Each structure stands twice: as C-alpha cells, then as structure tokens.
Amino acid sequence: MTVLKNVMYGPTVRGRSRKQAEEVARSYIGRVGLKGFEDHYPRQLSGGMKQRVGIARVLANSPDVLLMDEPFGALDSITRGIMQHDLLDLWMQERKTVLFVTHSVEEAIYLADTTIVMSARPGRIEAVIPVETDRPRDLLGEEAMALRLKLTRIVEEQVLLSREPRRTSGVYAN
C-alpha cells in the first residue's frame, strides 16, 4: 500500500468514512514531514521515512497509549536524532502517553519524563527514576550528565548481575 493508504487503513477499519480517513491521514502525513510522499510505496522510502509512516499510522487511530519498542534502533545517528526531536514535537502537540523502550540512556533522558530500568532476566523493574530536567534538554548539561551517570551505573549493575550464576533449587543456572 502507498503511504496514504497505510495511514488511512486504521481509521477506515475503525468505521470512519473514506473521506474522513483520508483527511485524518493527510493531516498526520503532513505532521510527520511526509507531505508529497502520499503516493510512494514503502520500498521507495528511507528507514526514517518508514518510521514516520508508522508513527502517522498509529496516531491516525487516536490511541490513548503508544508502545514504541526500539523504533529508532535501526537508524543512523543523524536520522535517529531528527526522529527523536520530531517525536518530541508530536508528543508535545498530542500529549499521548508513550511507553518508549530503548537501550540508549541518552535517548531515555532526552525523551522521557520517567525512566524505568529493567533487570535482564527475568525482566523486573529495578529502578524508577524521574527525569526532572526542563525541555528542551541539554544532554551535555550538568543535570543530564548526572542522570546519565546514575542510569548507566544501574544498567551496568544489572548487566553484571545477569552474568552471575543463579542458584535455583540447588542447581546453578546461567
């Protein structure tokens, strides 16, 4: 499907008329910076553009919560930074709850209001740390650097703990 049809799909399935679905789709396509690419197919788009289509497709359904699991992981660092900035702009307009999974401490600090550090195995919440730095965030500022150090230490501790043998019912397991 084209970009337009991809973004229209959800609203159409949810009962919106074709005209309404197209209006919503065109609005979100413009808001994610893809105006002019409505008739393009995924194979004609860059990785960042495909991610923008995915974001527009989700937002067109007006969800209460967005789950984003490593959405920028496959992007180069420049595109990733642009996408982080654009996602933050969209979030400030939409004010939706976003559960954003990342392995990047810097990305978490830049995007999050609250960070949740998970253990490796089994996946349990190890720390809940608010990000209280004002936006726009300076990742090289004193507060952000202190938070980066704190989060990095917690993550490193979890990695080290995950490598230690665990005693289970008298048997050591790795």
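Quick notes
- Filtered residue count, region 72-88, keeping only those that are polar (S, T, N, Q) and surrounded by fewer than 12 Cβ atoms within 10 Å (Cβ to Cβ): 1
- From the list TYR172, TYR110, the one residue that fits, being modelled with pLDDT of 90 or more and aromatic (Phe, Trp, Tyr), is TYR110.
- Qualifying residues in region 111-125 (those that are closer than 22 Å to GLU143 by Cβ and not hydrophobic (A, V, I, L, M, F, W, C)) - the one surrounded by the most Cβ atoms within 10 Å (Cβ to Cβ): THR115
- Region 2-91 holds helices (runs of 4 or more DSSP H) entirely within its bounds, and those carrying 3 or more residues that are β-branched (Val, Ile, Thr) and either closer than 21 Å to ALA112 by Cα or out of contact with any His (no Cβ under 7 Å at 6 or more places or on another chain) (or both) map to 3-13, 47-59.
- Residue that is nearest to LEU75 (Cα to Cα), among those in region 101-110 that are open to solvent by 30 Å² or more (accessible area, probe 1.4 Å) and in a helix (DSSP H, G or I): GLU106
- Residues of region 104-117 that are in contact (Cβ under 8 Å) with a residue 12 or more places away in the chain and under 11 Å from LEU151 (Cα atoms): VAL105, GLU106, ALA108, ILE109, THR115, ILE116, VAL117.
- The lone exception for GLY141 - which of (1) open to solvent by 40 Å² or more (accessible area, probe 1.4 Å); (2) over 28 Å from LEU59 (Cβ atoms); (3) modelled with pLDDT of 90 or more it fails: (1)
- When we screen LEU160, LEU67 for residues that are of a type in the set (A, V, I, L, M), modelled with pLDDT under 95, surrounded by fewer than 16 Cβ atoms within 10 Å (Cβ to Cβ) and closer than 30 Å to ALA25 by Cα, the only hit is LEU67.
- Scan of region 3-42 for residues that are of a type in the set (A, V, I, L, M) and exposed (fewer than 15 other Cβ atoms within 10 Å of the Cβ), ordered by number: VAL13
- Positions within region 54-103 being of a type in the set (Gly, Ala, Ser) and in contact (Cβ under 8 Å) with a residue 24 or more places away in the chain, in sequence order: ALA56, ALA60, GLY73, ALA74
- ASP64 closer than 26 Å to LEU139 by Cβ and out of contact with any Leu (no Cβ under 9 Å at 6 or more places or on another chain): no
The values are calculated or read from the model by the stated rules, or taken from the named source; none is laboratory data. Since the model is a prediction, treat every value here as computed from it, not as a measurement. Every residue, glycine among them, receives a Cβ derived from its backbone with ideal geometry; neighbour counts consider all protein chains shown. With ligands, DNA and RNA removed, areas are computed over all heavy atoms of the protein, side chains included. Shrake-Rupley method; radii C 1.70, N 1.55, O 1.52, S 1.80 Å.
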